[in-house]
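Participant: Sharing a structure here in structure tokens format.
The values are calculated or read from the model by the stated rules, or taken from the named source; none is laboratory data. All values derive from a computational prediction rather than experimental measurement. FYI the Cβ positions are ideal-geometry reconstructions off the backbone, even for glycines, and counts take in every protein chain you see.
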Amino acid sequence: MTQEQRLHEIRQMLVRQNHLVTRDLAEHFNISFDTARRDVIRLVATGQAIRVHGGLIRNTDDEGLPFLTRNQIDSPIKTQMAQMAQHFIHTRQCDFIGPSTILKKLCQLISGTNLQIVTNSIDNSLELMRSEFPEVLLLGGIVNKEHRFNYSVHALDLLKGISFNNAFVGTASVKSDGIYLPKINDAELIKVATSRAKRIIVVAEKHKFNNPKIAPYMAVPLSQIDVLITDEPLPDEIKQNFAPTTQIISVIKKKVS
């Protein structure tokens, strides 16, 4: 059994049992403790579960963990994805960066870079305010405290008058036709921001593809995405949903069995 197959089964076991012990996983799959521990680390690093002493517990929120909870999960893979996104950042350009724990890490990485950033994310703006540059425009409006973004009709109108070099966006779920978000206001704002960008860059871990969690509002059709940054290589049946010109980048090149 490959690691990918084990991870799929572990996710199903978490739905039934909520809490799993690493040593029990090693016995269940007839693998070494170190191999089981690597499986646990992979699930935790990609945000699919929370690590606890001796094992892991599942995500119990239908819409995913609240932003502040997810933000406490130290994920080296998310950092690698943010570093990959950083390659598309250049001085003296104007970019939009949406709410996302990965994109918050991107904001940490570009601190001190001379460019303009527009965002509706409270946490992105806080990271970007740590140095003189980038110049930051935080869109105003009503604050969604759980997902930590701002929204207003005025913000939509303001976005319609801005031309972005890049629009960096995250997602709760990737379906066969587009990326989806749990809140209609967030999806509406992201839709307008990406329509004003020369290049749309999406960050999405593999587990968000066909994610069953509730995220009913499409933000961006897959056909419009220019760059997808993900953690693990995607199978061909998922890749074919994107436009032939979409650049798909996975930061993990090889699967560990």
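Participant: Would you call Ala85 at pLDDT below 85 and within 19 Å of Ala204 (Cβ to Cβ)?
Facilitator: Spelling it out, it is not the case that Ala85 is at pLDDT below 85 and within 19 Å of Ala204 (Cβ to Cβ).
Participant: Tell me whether region 215-225 contains one or more residues that are over 27 Å from Leu139 (Cβ atoms) and among the aromatic types (Phe, Trp, Tyr).
Facilitator: No, region 215-225 contains no residue that is over 27 Å from Leu139 (Cβ atoms) and among the aromatic types (Phe, Trp, Tyr).
Participant: Turning to a different aspect of this structure: Counting just the residues of region 147-161 that are buried (at least 18 other Cβ atoms within 10 Å of the Cβ) and in contact with a strand residue (DSSP E or B) (Cβ under 8 Å, 6 or more places away or on another chain), which one comes out modelled with the highest pLDDT?
Facilitator: Only one residue fits best here, namely Leu159.
Participant: Do we find a residue being under 22 Å from the mean Cα position of the chain (by Cα), more than 25 Å from Phe88 (Cα to Cα) and buried (at least 17 other Cβ atoms within 10 Å of the Cβ) anywhere in region 129-146?
Facilitator: Yes, the conditions are met somewhere in region 129-146.
Participant: Given the criterion touching a strand residue (DSSP E or B) at 6+ places or on another chain (Cβ under 7 Å), closer than 23 Å to Lys208 by Cβ, at pLDDT 90 or above and not assigned by TED's automatic domain parsing to the domain that holds Val143, identify the matching residue among Leu56, Leu20.
Facilitator: Leu20
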